[in-house]
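Single-structure report; data block below.
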Amino acid sequence: MGVIDPIALKKIWMDGKIVAWPDAKVHVLTHALHYATAIFEGIRCYSTRRGPSVFRLTDHLARLYRGAKVYHIEIPYKLEQLRSATFKLIKENKIDHCYVRPIVYLGYKKIGLSMKGAPVQVAVIPVRFDHYFDEKLAKRGLHCKISSWSRLSITALSPHVKASANYLNSVLAKAEAEREGYNEAIMLTEQGHVSEGTGENIFIVRKGKLITPPFYDDILGGITRESIIEIARDIGYVVEEKSILRDELYTADEVFLTGTAAEVIHVSKIDDITIGNGKKGPGPITSKVQSVFYKAARGELPKYEKWLEFVK
Ligand SMILES: Cc1ncc(COP(=O)(O)O)c(C=O)c1O
């Protein structure tokens, strides 16, 4: 008997075919394994009263195609085909909520850096997934560390693309933070501006206003970030996209992170400095946007139904 894999489902979509989970394999000479020539997405499917709904699926897939364009990778399927594949997988796996990981990568043809002739392969992988940070941590708030690793810069790679190559930067920052007893790392740009978490965008609250770093501070343009900006403005808060400096994090009234996996989670300490007044739980503005986001994603708010893509 093999070990039971807690995230495994039955089916994966690979290069146009639905395959059994154990058969979804690649060759060790896969170009992407050696040179990180892959671009992926992370998407959540939520259980709603109207059945499973994939949150902003089209926007996530559009980001995948934009990323591929930046790196001269032509995806051999139409966006609509990957959208249908996602729905099909959710149906065939008989699940009402999960995380979906589409990935586009260069496969095996020969050894060497050239992209010429390397096949563009595509997989859509649904996995069982609930919390990225456990519930206890979500209540207490994250303890974050400003990483000694800078966020990769646009002069080397595109930080705006969800490319596998970017994630060694995030993995190093996360590993360093965890080794030192923190839950998450916050990375600064090479100029010392606050950029983002290892898999999340960041917001601060100061004097009732929300502030989040702009694209030119080397962030991934998060779909959760975009949703939170819209929700916060709808509630009536002012949201500014402008550079944040390290000390502004320490003295913010509230700090929270956003991402598909993490959803919306507050930060209670950064570099051992308590954020805000030290009261337990998220601050009032974080709580408000968090609660609207949670309801919106789970189909409880008609105003945001435009973000729901139901599995038919
Ligand atoms: C580095 C990084 N920043 C930000 C985000 C948040 O993006 P999104 O809200 O689209 O999941 C993610 C997660 O995908 C990420 O990996």
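The values are calculated or read from the model by the stated rules, or taken from the named source; none is laboratory data. Being a predicted model, the structure only gives us computed values, none of them experimental. When we count neighbours, we look across all protein chains shown, and the Cβ atoms used for this are built from the backbone with ideal geometry, even at glycine.
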Under 9 Å between Cβ atoms, which residue pairs at least 6 apart in sequence (or on different chains) link something in the range 273-284 that is at pLDDT below 95 with a partner that is among the basic types (Lys, Arg)? Lys280/Lys139; Lys280/Arg140; Gly281/Lys139; Gly281/Arg140
Can you tell me which residues in the range 27-72 are in a loop (DSSP other than H, G, I, E, B) and of a type outside the set (A, V, I, L, M)? His27, Thr30, Thr37, Glu41, Gly42, Arg49, Arg50, Arg56, Tyr71, His72
Go through the range 200-215 and report how many residues are within 15 Å of the ligand (Cβ to nearest atom) and either out of contact with any Gly (no Cβ under 9 Å at 6 or more places or on another chain) or not in a helix (DSSP H, G or I) (or both). 7
Residues of the range 227-259 being in contact (Cβ under 8 Å) with a residue 60 or more places away in the chain and closer than 20 Å to His60 by Cβ, which ones? Ser227, Ile228, Ile231, Leu257, Gly259
With criteria (1) of a type in the set (Lys, Arg); (2) closer than 30 Å to Lys269 by Cβ; (3) in the same structural domain as Glu41 (by TED's automatic domain parsing), Lys78 comes up short on (2)
Yes or no: Phe129 modelled with pLDDT under 95 and either touching a Leu at 6+ places or on another chain (Cβ under 8 Å) or aromatic (Phe, Trp, Tyr) (or both)? yes
Hey, Ala165 closer than 23 Å to Thr251 by Cβ, surrounded by 18 or more Cβ atoms within 10 Å (Cβ to Cβ) and within 16 Å of the ligand (Cβ to nearest atom) or not: no
Residue that is farthest from the ligand (Cβ to nearest atom) [pool: residues in the range 251-299 that are surrounded by 13 or more Cβ atoms within 10 Å (Cβ to Cβ) and charged (D, E, K, R)]: Asp253
Of the conditions (1) surrounded by 14 or more Cβ atoms within 10 Å (Cβ to Cβ); (2) part of a loop (DSSP other than H, G, I, E, B), the single one that Ile7 does not satisfy is (1)
Step by step: first the residues of the range 112-148, then only those that are touching a helix residue (DSSP H, G or I) at 6+ places or on another chain (Cβ under 8 Å) and not in a strand (DSSP E or B), then the one that is surrounded by the most Cβ atoms within 10 Å (Cβ to Cβ). Which residue is that? Ser147
Which one of these does Lys288 not meet: (1) assigned to a loop (DSSP other than H, G, I, E, B); (2) on the phi < 0 side of the Ramachandran plot; (3) in contact (Cβ under 8 Å) with a residue 40 or more places away in the chain? (1)
Could you run through the range 150-173 and say how many residues are over 14 Å from the mean Cα position of the chain (by Cα) and not polar (S, T, N, Q)? 9
Against the condition within 23 Å of Lys78 (Cα to Cα), in contact (Cβ under 8 Å) with a residue 12 or more places away in the chain and not assigned by TED's automatic domain parsing to the domain that holds Ile223, how does Leu113 come out, does it pass? no
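When you check Ile90 against the structure, is it surrounded by 15 or more Cβ atoms within 10 Å (Cβ to Cβ), out of contact with any His (no Cβ under 7 Å at 6 or more places or on another chain) and part of a loop (DSSP other than H, G, I, E, B), yes or no?
no
Look through Arg83, Arg63 and report the one residue that is under 23 Å from Pro159 (Cβ atoms) and within 21 Å of the chain's Cα centre (by Cα).
The unique qualifying residue is Arg63.
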Looking only at the range 93-110, and only at residues there that are in contact (Cβ under 8 Å) with a residue 60 or more places away in the chain and assigned to a strand (DSSP E or B), the one that is farthest from Ala261 (Cα to Cα): Leu106
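Could you list, in sequence order, all residues of the range 217-243 that are within 15 Å of the ligand (Cβ to nearest atom), assigned to a helix (DSSP H, G or I) and not hydrophobic (A, V, I, L, M, F, W, C)?
Asp217, Thr224, Arg225, Glu226, Ser227, Glu230
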